[in-house]
Amino acid sequence: PARYFDTKTTEPISFFLSGLEELLSWQPNSNDEFNVSAVPLAKRQPPLHSRRPRTLVCHDMGGGYLEDRFIQGSATRNPYVFYHWRYIDIFVYFSHHTVTIPPVVWTNAAHRNSVPVLGTFITEWEDGGKLCEAFLAGGEEAYGAVAEQLARIAQHYRFDGWLVNIENTLSAAAVGNLPLFLRALTAQVHSAVPGGLVIWYDSVLKDGTLKWQNELNDENRVFFDACDGLFTNYNWKEEQLERTQRLAGPRLNDVYVGVDVFARGDVIGGGFDTAKSLRLIRQYGLSAAIFAPGWVYEHLGKENFLQNENRFWGSLAEYLPTHSVCTLPLTTSFGLGMGTSTFLDGKDEETGPWYNLSAQDIQPLYPELQGRLSTNCCLQDAWCGGSSLQLQGTIAPGEERVAVRLFSLQMPAPPKLFLTLLYKLEGPQPDDFTVALEVTTWDSGTCLEGNPTSLPEPNGRYHPRFLPAPPPGLAKLLTACHRGSHGWTSRCYELELQDCSLRDLSVIVSRQQPSLEETSFTCLLGQVRVLDTASVSASPPQVHSVTASQLWWQ
């Protein structure tokens with residue numbers, strides 16, 4: 001069927017639903033198994049509902065369902081990717097179709113990086129008005145059926161909830177039922193989807209008129225009270241933030257103040273000045289909804305996209321609270337879900353563009369120190385997949401090393417950790433530098449390194465012990481310990497800790513010789529792994545009764 005498979009290539013595709021009839025007649029179907037997310041939402045610290053301002057990203061690009069609709073990837077050159085997941089809390093996939101089911105590749109990438117994904121339920125213009133009359137003016141049975149279907153769809157495809165956007169005027173009967181519909185939808189989503197969310201877009205008022213308020217006020221509060229949050233329109237002024245803060249009270253973090261990166265209308269900041277809006281929003285303790293950050297790709301062009309993207313998110317970083325990894329194993333090759341080649345063990349196995357966000361790895365922080373350090377994605381060389389992480393920086397005169405923080409962590413340390421690192425030093429004198437991993441722990445009087453001779457480290461910095469070869473039981477998994485190739489260096493480490501809590505994982509680039517001169521370095525990171533020895537040594541569970549379905553021979 002054309003909805004599930006691309007008519008030109010027969011490949012499985014992601015899809016939307018149009019109109020009330022398609023929504024109400026939707027049933028799970030064996031053709032759409034490709035569309036079900038295969039990656040559970042990873043845990044994070046602090047949890048999403050902690051009392052701190054959040055960041056929502058609303059992705060709206062070219063009508064949606066572009067090359068990202070191809071569930072098994074496509075040969076797209078210079079595609080759009082998003083990878084600053086550590087800096088955001090919620091991802092919304094937006095389009096103007098009635099029911100926007102997020103393409104599964106986005107759900108997979110976001111979930112791997114601990115970010116929930118929302119679809120969009122939108123009604124607009126005259127047709128939207130008719131659709132709303134049909135299900136809202138009709139009473140509980142009619143709006144209850146819509147709420148139930150939307151919750152079932154999120155549960156079936158394994159995404160995390162809905163942005164609800166009613167952009168048309170409503171009759172008195174319809175608007176009277178709207179808060180009841182939102183309450184029903186929110187309750188159903190919460191029970192069907194663990195951690196599910198329903199967010200309301202600032203559009204219709206309690207009397208049914210369509211008038212964007214750019215704030216939380218008495219005209220739209222009834223909808224905010226009925227769901228998990230409000231996403232405001234973009235044309236606000238500072239006094240509206242102040243009023244919103246007062247009215248929201250303890251639910252301050254549930255108001256997502258809209259920021260249009262395209263800066264349409266009368267707005268504060270946009271483009272590379274988006275930080276101006278964020279600074280004000282955060283002054284009032286409110287959450288932010290960044291709309292259409294694809295501006296970087298659409299407006300500035302595809303050619304220098306990755307550099308521009310890092311510049312854009314780097315300019316906002318101080319206003320974006322990050323979340324930490326809180327489970328092991330942590331393993332990443334820094335892949336973006338795209339490439340100009342496919343690499344395996346450092347060798348270019350297949351040249352040619354590819355794009356598949358489901359193949360995106362866990363993403364690190366992208367630290368920038370003005371003039372001292374930049375972190376970029378490198379497509380020209382990789383250990384595995386399509387890209388590596390390029391660290392470029394300088395070691396200041398008289399200093400010996402630079403620490404690059406890759407991940408913040410928040411979890412109890414197991415008694416014994418194995419760590420692996422694959423890297424490649426570039427530049428005129430690669431032998432002038434050494435590269436190693438560093439683990440820091442949260443301050444605690446009890447935390448000690450495992451062997452009895454060691455003293456507590458000052459400021460909780462531990463340098464794991466270098467292992468020339470992997471321990472016998474792990475030789476197969478850790479073949480990489482002694483096998484760099486194609487210019488890549490491979491390192492294995494072990495760290496024993498007692499009563500510690502992990503805090504950061506960093507890469508340390510050090511000079512071999514002290515020097516009074518500034519020294520520049522370029523280092524590619526190909527892979528980093530942090531493993532709990534106990535769970536790695538256990539034999540994996542046997543896999544039983546594997547079936548293969550949906551086979552198509554050409």
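Quick notes on this structure:
- In a fully extended conformation the segment linking residue 273 and residue 167 would gain 35.3 nm over its present Cα-Cα distance, using 0.36 nm per residue.
- Contact order relative to length of the chain, as percent, for alpha carbon pairs under 8 angstrom and 6 or more apart: 13 percent
- Ratio of Rg to Rh for the range 1-98: 1.00 [Cα atoms; Kirkwood radius as inverse mean 1/r over pairs].
- Net charge of neighbours whose Cβ lies under 15 Å from the Cβ of residue 426, counting Lys and Arg as +1 and Asp and Glu as -1: -2
- In the chain, the DSSP beta bridges split such that about 70 percent are antiparallel, to the nearest 5.
- Other residues whose C-beta falls under 15 angstrom from the C-beta of residue 280 contribute a net charge of -3, scoring Lys and Arg +1 and Asp and Glu -1.
- Förster radius 51 Å - calculated FRET efficiency between residue 465 and residue 217 (Cβ-Cβ, nearest 0.05): 0.25
- Protection-proxy order for peptides 37-49, 417-429, each taking the mean of Cβ atoms within 10 Å per residue, highest first: 417-429, 37-49
- In the chain, the longest principal axis of the Cα atoms and the axis of helix 125-136 are about 80 degrees apart.
- Whole-percent pair-distance distribution, where bins are 5 Å wide, for the alpha carbons of the range 330-537: 1, 7, 15, 18, 19, 18, 13, 7, 3, 1, 0
- Sorting 391-400, 189-198 by their mean Cβ neighbour count within 10 Å, with the most densely packed peptide first, gives 189-198, 391-400.
- Relative to the dominant Cα principal axis of the chain, helix 274-283 is inclined by about 80°.
- Percent accessible area from carbon and sulfur atoms, the chain, protein chains only, probe 1.4 Å: 52 percent
- The coefficient of translational diffusion for the chain, derived via Stokes-Einstein from the alpha carbon Kirkwood radius under 25 °C and 0.890 mPa s, stands at 97 µm²/s.
- Heavy-atom accessible area per residue - the chain, 1.4 Å, Å²: 43 Å²
- C-alpha long axis of helix 140-157 to longest principal axis of the chain, angle in °: 20 degrees
The values are calculated or read from the model by the stated rules, or taken from the named source; none is laboratory data. Since we're looking at a predicted model, the values are computed, not measured. Every residue, glycine among them, receives a Cβ derived from its backbone with ideal geometry; neighbour counts consider all protein chains shown. Each accessible area value is taken on the protein alone, full model and side chains, heavy atoms only, with ligands, DNA and RNA left out. Shrake-Rupley method; radii C 1.70, N 1.55, O 1.52, S 1.80 Å.
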